[in-house]
1. For Cα pairs less than 8 Å apart in space and 6+ apart in sequence, what is the mean separation divided by the residue count of segment 17-196, i.e. the relative contact order in percent?
2. Quick check for you: which residues of segment 109-143 have the amide N under 12 Å from the point 7 Å beyond the Cα of residue 102 toward its beta carbon?
3. So, counting K/R as plus one and D/E as minus one, what does the shell of residues with Cβ under 10 Å around residue 118 add up to?
4. For residue 50, enumerate residues with amide H under 5 Å from its amide H, sequence gap 5+ or separate chain, H modeled in the peptide plane.
5. How do the peptides 26-33, 40-47 rank, highest first, by the average count of neighbouring beta carbon atoms within 10 Å per residue?
6. Would you pull out the residues with amide H under 5 Å of residue 85's amide H, same chain only if 5 or more places away, H placed 1.01 Å from N?
7. Around residue 33, under 10 Å between beta carbons, what's the net of Lys plus Arg minus Asp minus Glu among the other residues?
8. Under 5 Å between amide hydrogens, which residues at least 5 positions from residue 181 or on another chain qualify, with H placed 1.01 Å from N in the peptide plane?
Amino acid sequence: MSEVVSGGTSPAVPPGRPRLTVLSGPSGVGKSTVVAHMRQAHPEIWLSVSATTRSPRPGERHGVQYFFVDDGEFDKLVANGELLEWAEFAGNRYGTPRNAVLERLAAGEPVLLEIDLQGARQVRESMPEARLVFLAPPSWEELVRRLTGRGTEAPEVIERRLTAARTELAAESEFDHTLVNTSVEQVAAELLALTRTS
Ligand SMILES: Nc1nc2c(ncn2[C@@H]2O[C@H](COP(=O)(O)OP(=O)(O)O)[C@@H](O)[C@H]2O)c(=O)[nH]1
Ligand SMILES: Nc1ncnc2c1ncn2[C@@H]1O[C@H](COP(=O)(O)OP(=O)(O)O)[C@@H](O)[C@H]1O
């Protein structure tokens, strides 16, 4: 593939428009683990920080994993048009702050969104150039094992997430690519390649 070089000493930049990649997949499949692994080696892949009404898990910090907001604050974000997309998932609301994403894309940086199926569908509508990637578990049993083994949710919350997972798994064909999360290292490398190519 040919590369566009913008100047004598400038690094080569990938041709085409800056890439917006959306990663979705059922709760517990390993999205955060894979993204963290990829970004450890490639911090230049910018990950959008979403707003959510869910409570922080132990160790989660405001502005790092999420912007943790209450219902009233989320209502305002929606009313002011500040979210690129948003959805209710398993009893909480989640949304992508619009401006930060548009600024990064305008600066030519690769942007990654880690959002649910409903959000992915909204992005497909509003930004059809986005690349939609589905992260699938090796099996249903392994998904249950990972979600349960993470130990961050109560049994009834796990049940809600597994109910959502059935819907999400059924929608895999709507995505441009499917990656099966057997090996974190391998999937992180595949995801990196998808975020960088036009
Ligand atoms: N639509 C949408 N979904 C989001 C957003 N941020 C996170 N999610 C999704 O919400 C779901 C629940 O996220 P979370 O409570 O962090 O649980 P986890 O993904 O199991 O760790 C996951 O499918 C996330 O990808 C967002 O901004 N918009
Ligand atoms: N390839 C993998 N093999 C085994 N366990 C994994 C793998 N990827 C992730 N996990 C584990 O599965 C659990 C859920 O992963 P997490 O990244 O929190 O999922 P998600 O962000 O999709 O909800 C975590 O305990 C994580 O360590």
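1. For segment 17-196, the relative contact order is 37 percent.
2. Under 12 Å, as judged by backbone N against the label point of residue 102, lies no residue of segment 109-143.
3. With Lys, Arg at +1 and Asp, Glu at -1, the neighbours total -3.
4. 67
5. Put in order of decreasing packing, that is 26-33, 40-47.
6. The answer is 96.
7. +3
8. Those lying under 5 Å, H to H, from residue 181 are 136.
Any read-out appearing in this document is the output of simple, stated calculations on the displayed coordinates, not a laboratory observation. Note that the structure is a prediction, hence the values are computed from the model and not measured. Cβ coordinates were reconstructed from backbone atoms using ideal geometry, including for glycine residues, and neighbour counts include every protein chain displayed.
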